[in-house]
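Contents: one structure, followed by commentary.
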4 protein chains.
Amino acid sequence: MNATTGTVLLTGFAPFGGETCNPSQDAVCALEGEVIEGRRVVTRCLPVEFGASLAALSEAIAEVRPELVLCVGQAGGRAQISLERIAINVDDARIPDNAGAQPVDTAIAEDGPAAYFASLPIKAMLAALRAEGIPAEISQTAGTFVCNHVFYGLMHALQNVPGVRGGFIHIPYSPAQAAHHPGAPSLPPTVATQALRLAIATALTVQHDVRLAAGATH
Amino acid sequence: MNATTGTVLLTGFAPFGGETCNPSQDAVCALEGEVIEGRRVVTRCLPVEFGASLAALSEAIAEVRPELVLCVGQAGGRAQISLERIAINVDDARIPDNAGAQPVDTAIAEDGPAAYFASLPIKAMLAALRAEGIPAEISQTAGTFVCNHVFYGLMHALQNVPGVRGGFIHIPYSPAQAAHHPGAPSLPPTVATQALRLAIATALTVQHDVRLAAGATH
Amino acid sequence: MNATTGTVLLTGFAPFGGETCNPSQDAVCALEGEVIEGRRVVTRCLPVEFGASLAALSEAIAEVRPELVLCVGQAGGRAQISLERIAINVDDARIPDNAGAQPVDTAIAEDGPAAYFASLPIKAMLAALRAEGIPAEISQTAGTFVCNHVFYGLMHALQNVPGVRGGFIHIPYSPAQAAHHPGAPSLPPTVATQALRLAIATALTVQHDVRLAAGATH
Amino acid sequence: MNATTGTVLLTGFAPFGGETCNPSQDAVCALEGEVIEGRRVVTRCLPVEFGASLAALSEAIAEVRPELVLCVGQAGGRAQISLERIAINVDDARIPDNAGAQPVDTAIAEDGPAAYFASLPIKAMLAALRAEGIPAEISQTAGTFVCNHVFYGLMHALQNVPGVRGGFIHIPYSPAQAAHHPGAPSLPPTVATQALRLAIATALTVQHDVRLAAGATH
């Protein structure tokens, strides 16, 4: 593990929905250039826009040629680090994106399947986070907004890039954001950064996921 | 609409998870034999068991030859009628099923795609329910337990039965159940029955779904 | 129980906060004139206004001369029938009342104590509701808006009327209201009416409350 | 503010309810000996026991002779720093305390009033926390377990100690605790410590509370 033998592409998002910052970007930034398990982390900030976000992601993948892509987004209202299990082939925007677009029940890829599973060992990642005292959970839905759009688009694109793994993590509001949302849960970006570091290390080193029940009855 | 020209298969579930009744079955029962939009409703109660539930469903489909299949399950903790958008190809049981099985990250159909969308006009159904004052929502996940198992298995089976539509609805605890779960939301089976009646009527009469934003940001 | 030997004053509230109905009033109305345990129920609808609500309540008490006063209000977002334990001596309005007033940290009775406990057997009432399959809970706070204002004012007034008992019950949104509040829990006014009937019967017949743990750790 | 002119008594609690640590004690510990606005902070860890907790608090007050007493407890499941408004005169334990006692509907002080308001400028404290990006809220109930027991006992005792102010703050689970409670919100003890520092500084310097709506409709 002396030499840097590859790269990890780690993306956050710009602020949206009236927020002035996005904790995903704050958490991601802090890992720029860091070497994890011998791979150098390259970070990007994606726009919260249907279409443009995926164009930026594609460009970054072409440029960075990563062996692992991890996209990170904000999930205001969720209390724990969410390791997303699956991306679905639909945009259904409850609010407009940052460019004013609000697609309803539109396919992300006309020719794509209904969904893609993340190709990361999410259960091993879950175990690693919890072992370090970081609150984490498996999520069965990444929603139908730009986060899911990017997640689905990523997995769709990776079908043509053998050997590259990808996935998505949602993180809660930062405490500073939650101060403006009465009752809302939060997690500091420093904790989120440590979670991402552990998640990347686990994704790089675990080939076969562990068996750990973390489903939902509904 | 004078003659009964077809059938609708409507299924509920047996009690599970320590409950002595299942509101899905109570809501479903009440519609046995009822004629909705010229079709006769035939009901079945499925076991809360991986595998056996799908066998029972297949048998019922073969026997009833429905033009529409609607499966209904209990979602303890949810507050509104949930119209499920998508079924995913994984069993991940947080608790054992009624036969003691607890699969973790097992595919439902080894050769199946990652997911199937419901083939019902769920947005029109949502609008119909709300118009009657029934609290309803689109759900982006049916979980990873027996409900999702049946929903996925149903959609997988219907791939070979052209023209038959299918979907899944989750309903809250009944008030009597919630009396044993401090703080839990509920909805009476009578309201759920009326919701199912409206959902079926809408599914039978609406061919092209309406455009109605009902997604989730995450 | 042959003769009607007394009266019960039961109050609901007018709609507020943008709603077009108030389920407390719907639930209360249905009991107008009903005889419960030999007492006739007289109902009133109070305005959602600081001050005016208490004036209307005082007038009703003077007119009806009840032996029991039960006030009922809407608690949008709560899932179960809430039997309120205590009223506190402060108005702190997050939103304006129906007359536009928005007091902040004002005492309800300048010379009153910090709080009054309900003088009803709330644990016996809780047990009675649950025994009938109605979801119910003890609440440790009635908030700081008009509901708590009326509850505190009632208990303050009853200090001068020996032998008359009083209390407050919060009920969830109706299903029709919840249809406009995505994800919100609800309970039909018919269930709430039955809850009120049972609560009144219990309050009239139980002198010494039962021992039943129903507190909150925080 | 050159000389230390007085002391602040700051208390946390021992672990309870199956936890191995209590974030209130972790947050409190970090301020031992710190000088805030010219006063030295003295900390104590109270047992989670009805009765014994108040005996320990009384002893500490007698020994430390503080001008301000702030007690801090864990509120597992709450998402923000909770500034408690009022303590009520009842113990109603949903679970046994650490000595196995489980009082139900017992008065804390037989001769005491139904409740005491905190004698701290909680709205100014709320504003100070939010201004620093710390998620905080006013809470209208401290529950009916040992936290409320200590809060009420404190305020009752302070009736006989003119000029000494007192109050209670609830803090969420730490992230390490939340890692064992799927879906539970958390806040790091370092954020809680900073919240306590700001709360104490505000309590020491603000005599007349600010006007800031922070109530609850129910």
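Quick check of the Kirkwood formula: for the protein assembly as shown, what is the inverse mean of 1/r over all pairs of different Cα atoms, in Å? Display every interim value, and only then the final one.
Numbers: mean 1/r = 0.0343 Å⁻¹.
Taking every pair of different Cα atoms in the protein assembly as shown, averaging 1/r and inverting gives 29.1 Å.
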field: Shielding by partners - mean other protein chain Cβ count within 10 Å, residues of B:90-102
entry: 2
- prompt: Taking amide hydrogens as modeled 1.01 Å from N in the peptide plane, which residues meet the under 5 Å criterion relative to B:A79, leaving out close sequence neighbours?
  reply: none
task: Specify, for chain A, the residue whose C-beta is closest to the rotation axis mapping it onto chain D, with the distance given in whole Å.
output: A:P185, 2
query: Applying the Karplus parametrisation 6.51 cos²θ - 1.76 cosθ + 1.60 with θ = phi - 60° to the phi angles of the stretch A:14-28, what ³J(HN,Hα) value in whole Hz is obtained for each residue in order, glycine and proline being reported as x?
result: 6, x, 8, x, x, 7, 9, 9, 10, x, 5, 5, 4, 5, 6
- request: Just give the residues from the stretch B:161-184 buried by at least 50 square angstrom of accessible area in the all-chains context relative to the isolated chain, probe 1.4 Å, and say none if nothing qualifies.
  value: B:A179
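For the protein assembly as shown, with only Lys/Arg (+1) and Asp/Glu (-1) charged at the beta-carbon, what is the dipole magnitude about the Cα centre, in debye rounded to 20? Please list the in-between numbers first.
Numbers: 48 positive and 76 negative charges, 0 e Å.
Computed about the Cα centre, the dipole is about 0 debye.
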- prompt: Per-residue HN-Hα couplings for the stretch B:205-218, Karplus 6.51 cos²θ - 1.76 cosθ + 1.60 at θ = phi - 60°, whole Hz, x for Gly and Pro?
  reply: 10, 9, 8, 10, 5, 7, 9, 8, 5, 8, x, 10, 5, 7
message: Give me the Å³ per residue figure for the convex hull around the C-alpha atoms of the stretch C:1-141.
response: 132
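Using a 1.4 Å probe and counting only protein heavy atoms, how much accessible surface gets buried when C and D come together, both sides summed, in Å² to the nearest 100?
2900
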- prompt: What number, in percent, do you get for the relative contact order of the stretch B:6-205 if the mean sequence gap of Cα pairs under 8 Å and at least 6 apart is divided by its residue count?
  reply: 29
task: Take every Cα-Cα pair in the stretch C:97-154 and report what % of them are more than 16 Å apart.
output: 56
task: With unit charges on the beta carbon (Lys/Arg positive, Asp/Glu negative), name the residue among A:P47, A:S119, A:T141 whose Cα is farthest towards the positive pole of the charge dipole of the stretch A:6-205.
output: A:S119
- prompt: For A:A107, which inter-copy label distances result when the label point lies 7 Å beyond Cα on the Cα-to-Cβ vector, reported in nm to one decimal and in ascending order?
  reply: 2.2, 7.0, 7.3
Label distances, nm, D:G77 versus same residue in remaining copies, Cβ-directed 7 Å point: 1.3, 1.6, 2.0
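If you add up the charges near B:F168, with Lys and Arg at +1 and Asp and Glu at -1, over every other residue whose beta carbon is less than 10 angstrom from its beta carbon, what do you get? Each step should come with its number before you reach the end.
Details: positive: B:R85; negative: B:E84.
With Lys, Arg at +1 and Asp, Glu at -1, the neighbours total 0.
Assigning unit charges at the beta carbon (Lys, Arg +1; Asp, Glu -1) and nothing else, what dipole magnitude in debye, to the nearest 20, does the stretch D:1-112 show about its Cα centre? Let's see the in-between values first.
On the way: 7 positive and 16 negative charges, 74 e Å.
In debye, rounded to 20, the stretch D:1-112 gives about 360.
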statement: The set of residues whose placed amide H lies less than 5 Å from the amide H of A:L187, leaving out same-chain residues fewer than 5 positions away, is A:Y173, A:S174
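In Å, the Kirkwood hydrodynamic radius of the stretch B:4-53 over pairs of distinct alpha carbons? Each step should come with its number before you reach the end.
Details: mean 1/r = 0.0859 Å⁻¹.
Roughly 11.6 Å, rounded to one decimal.
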message: Using +1 at the C-beta of Lys and Arg and -1 at the C-beta of Asp and Glu, which of D:V35, D:V161, D:T20 has the Cα lying farthest in the positive direction of the dipole of chain D?
response: D:V35
- request: Report, in whole Å, the centroid distance computed from the Cα atoms of the stretch D:34-56 and the stretch B:57-81.
  value: 58
- line: Along principal axes, largest first, the alpha-carbon spread of the stretch A:139-218 in whole Å comes out as 45, 29, 27
Cα-centred dipole magnitude for chain D, charges only on beta-carbon of K, R (+1) and D, E (-1), debye, nearest 20: 640
field: Given chain D, longest segment not containing exposed loop GluC sites (Glu not before Pro) (DSSP; at most 13 other Cβ within 10 Å)
entry: D:111-218
Accessible area of D:D97 in the full protein assembly, 1.4 Å probe (Å², nearest 10): 10
task: Taking the dipole about the Cα centre of the stretch B:6-205, with the C-beta of Lys and Arg at +1 and of Asp and Glu at -1, give me whichever of B:A60, B:V191, B:V8 is farthest to the positive side.
output: B:V191
- request: Divide by every residue of chain B the summed helix terms, -39500 (n - 2.57) for each DSSP H run of at least 4, and state the resulting mean residue ellipticity at 222 nm, rounded to the nearest 500 deg cm²/dmol.
  value: -9000 deg cm²/dmol
- prompt: Which distances, in nm and shortest first, link the B:A62 label point to the same label point in every other copy, taking 7 Å along Cα→Cβ?
  reply: 5.3, 7.9, 8.3
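So what's the convex hull volume per residue for the Cα atoms of the stretch C:59-145, in Å³?
137
The values are calculated or read from the model by the stated rules, or taken from the named source; none is laboratory data. Keep in mind that what you see is a predicted model, and the values were worked out from it rather than measured. Glycine also receives a Cβ, built like all others from the backbone with ideal geometry; neighbour counts cover every protein chain displayed. Remember, those area values only see protein heavy atoms, side chains included, never the ligands or the DNA or RNA. Shrake-Rupley method; radii C 1.70, N 1.55, O 1.52, S 1.80 Å.
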